[in-house]
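The structure under discussion appears below in the form of structure tokens.
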Amino acid sequence: MDIESKLHHLTGLAREKSSERRRALLREVTDLFFEDTPKNGTGAHQQFDAVLSTLAAQTAQDARAELARRFADAPMAPRGLVMQLARDAIEVAAPILAQSGVLTEDDLIAIATEAGEEHRRAMAMREAVPERLSDAIVANGDDETLARLVANDGARLSRGAFETVTRRAETSPVLQAPIVNRADTPADLLGDLMSVVETSLRDRIMKRFETLDPAIAEAALAASHARLEARIANDKAIADARKFVTTRRMRKELDGSLLVRLLREGERVKCCVALSELADVDYSAAQRALDHRSPDGLALVCKAAGFDKALFVTLAILRGQTSTNLSADAQVLGALYTSLSKEDAERAMRFWRMRKDMQAA
């Protein structure tokens, strides 16, 4: 009996109402497909596609999941069936989305736009993720999905995707290690993250800059500075705060006690501007030092600026990121400040200060 006759015989049995019989039929038709796979575009191939798609729609999820696993890496898998499985529940769709070469880039982009988060996560793990698909995943995915995509060396990211992920990484710790650890993350975007990541990641960024050609490093830091300044260029509160701080400097009132008073009075923008002047860093670095949940950035800024421990602890507590046990918090913060060497702080600050000094000159 030739393949079309066998398939015709099996489909004739598909009228069976028993779910177990339909499951068995699905397995038999699948086995027949792999026994003598017909060429793509032939009538037999199209007939297999129609029969398998129909049977799959009538069987339980675990049977469809088994079917998806069998067809996930099959280059001649019927396209209609693959598309059907790709849009199924994630327990079914995952292997298809992660492996199938039958799905085109446009297919995957459409699914990334329309399907759920778990579907995007499965696609983010593909051996190769082209730029356009990465763009779709970045535009629609949550931070966990983006972290998986960025950590995938086979994923190609456009400049726009890198910028979006970096911006989100400023407030999302789950994205920070993947974006810092990628070998092709643009250096200027790494500069944006210098003041928000934990110590080990900051060290990685600094090592990356130290291995760059000095001219490239300077250009990257200048681009970072220009981008961060552009975000605040039209902020009237910051402009007014800079005038306020300039006046206080002229009156010789720009010191640690002013920082404490401004924080206590809720003048956070003025405090950020004052801290940036005292520590000789740009506004963005000072703002992140005060606003970030971790006190590490503020400790670096304060240590490099020569502030004493008491001032750092006071600022760290007043910024509002500590618990209700102020005594315990003060001890922890004091220990952190003591353990940080001036040399380590200066090493990190060198990059922030370089960035501030590069006014696109």
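Numbers for the structure displayed
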read-out: Some residue of region 129-137 being open to solvent by less than 60 Å² (accessible area, probe 1.4 Å), farther than 22 Å from Ile179 by Cβ and part of a loop (DSSP other than H, G, I, E, B); value: no
read-out: Which listed residue is at pLDDT 95 or above, of a type in the set (A, V, I, L, M, F, W, C), buried (at least 16 other Cβ atoms within 10 Å of the Cβ) and in a loop (DSSP other than H, G, I, E, B), from Leu175, Leu149, Leu157; value: Leu157
read-out: Filter result for the condition that a residue is under 21 Å from Phe33 (Cβ atoms) and of a type in the set (D, E, K, R), over Arg69, Arg132; value: Arg69
read-out: Test for Gly41: is it at pLDDT 95 or above, open to solvent by 10 Å² or more (accessible area, probe 1.4 Å) and over 30 Å from the mean Cα position of the chain (by Cα); value: no
read-out: Any chance Ala215 is in a helix (DSSP H, G or I) and modelled with pLDDT under 80; value: no
read-out: Region 11-38, residues that are modelled with pLDDT under 85, surrounded by fewer than 16 Cβ atoms within 10 Å (Cβ to Cβ) and farther than 18 Å from Asp62 by Cβ; value: Gly12, Leu13, Ala14, Arg15, Glu16, Lys17, Asp36
read-out: Residue match in region 171-194 (condition: in contact with a helix residue (DSSP H, G or I) (Cβ under 8 Å, 6 or more places away or on another chain) and free of Cβ contacts under 8 Å to residues at least 24 places away in the same chain); value: yes
read-out: Unique residue being among the charged types (D, E, K, R), surrounded by fewer than 20 Cβ atoms within 10 Å (Cβ to Cβ), free of Cβ contacts under 8 Å to residues at least 24 places away in the same chain and under 26 Å from Ala155 (Cβ atoms) when the list is Lys236, Lys207; value: Lys207
read-out: Subset of region 44-72 that is under 22 Å from Ile90 (Cα atoms) and of a type in the set (Val, Ile, Thr) - its residue that is farthest from the chain's Cα centre (by Cα); value: Thr54
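The values are calculated or read from the model by the stated rules, or taken from the named source; none is laboratory data. Fair warning: this is a prediction, and the values are worked out from it, not measured in the lab. Neighbour counts are summed over all protein chains in view; Cβ atoms, including those assigned to glycine, are modelled from backbone coordinates with ideal geometry. Heads up: the accessible areas ignore ligands, DNA and RNA and are worked out on the full protein's heavy atoms, side chains in. Shrake-Rupley method; radii C 1.70, N 1.55, O 1.52, S 1.80 Å.
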